[in-house]
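Remarks on the structure that follows.
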Amino acid sequence: MHSGMATPREREVLNLTPDEDVTRIYRLRSAAGKPLSVELAVLPATVISADTDFGMSLYEFLNAQGMRPVYAVQRLRAELLEIESEHNLD
């Protein structure tokens with residue numbers, strides 16, 4: 001997880017002011033033990049900070065905090081990744 005300044009699009013979608021940060025969570029999704037995709041979730045840093053260790057699914061964590069999502073914006077793109085990708089999942 002990484003926190004930082006929201007992009008203009010993230011501010012628009014999340015209804016944030018220019019001075020509000022976001023936390024970006026990269027997750028490796030797999031099927032049958034094989035990597036399938038990299039998922040990026042972006043949430044306001046006030047909801048989850050980069051040092052939060054939630055130890056469960058993101059949606060379970062949000063639900064436990066009383067913040068069950070009711071709206072989401074998704075963008076998908078296909079990209080062939082190399083074994084050593086520029087994406088850092090730590």
Check: What's the local net charge at ARG11, with K and R +1, D and E -1, over the other residues with C-beta under 14 Å away?
Finding: -3
Next item on the list: Would you work out the charge dipole size for region 3-72 about its Cα centre, treating the Cβ of every Lys and Arg as +1 and the Cβ of every Asp and Glu as -1, and quote it to the nearest 20 debye?
Entry: 380 debye
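One-quarter of the Cα convex hull surface for the chain, in nm²? Mind dumping the intermediate values first?
Details: hull surface 27.8 nm².
Taking a quarter of the hull surface, the average projection is 7.0 nm².
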Checklist line | Accessible area (Å², 1.4 Å probe, nearest 10) - MET56 | finding: 90 Å²
Check: Residues of the chain: accessible area per residue at 1.4 Å, in Å²?
Finding: 81 Å²
Check: If you add up the charges near TYR59, with Lys and Arg at +1 and Asp and Glu at -1, over every other residue whose beta carbon is less than 14 angstrom from its beta carbon, what do you get?
Finding: +1
Next item on the list: Ignoring everything but the protein chains, give the 1.4 Å probe accessible area of TYR59 in square angstrom, nearest 10.
Entry: 130 Å²
Check: Longest segment of the chain with no trypsin sites (Lys or Arg not before Pro) in a DSSP loop having at most 15 other Cβ atoms within 10 Å?
Finding: 1-74
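The values are calculated or read from the model by the stated rules, or taken from the named source; none is laboratory data. Bear in mind the structure is a predicted one, so any value in this text is a computation, not a measurement. Positions of Cβ are generated from backbone atoms using ideal geometry, with glycine treated the same way; all protein chains shown enter the neighbour counts. Side chains included, ligands, DNA and RNA excluded: accessible areas come from the protein's heavy atoms. Shrake-Rupley method; radii C 1.70, N 1.55, O 1.52, S 1.80 Å.
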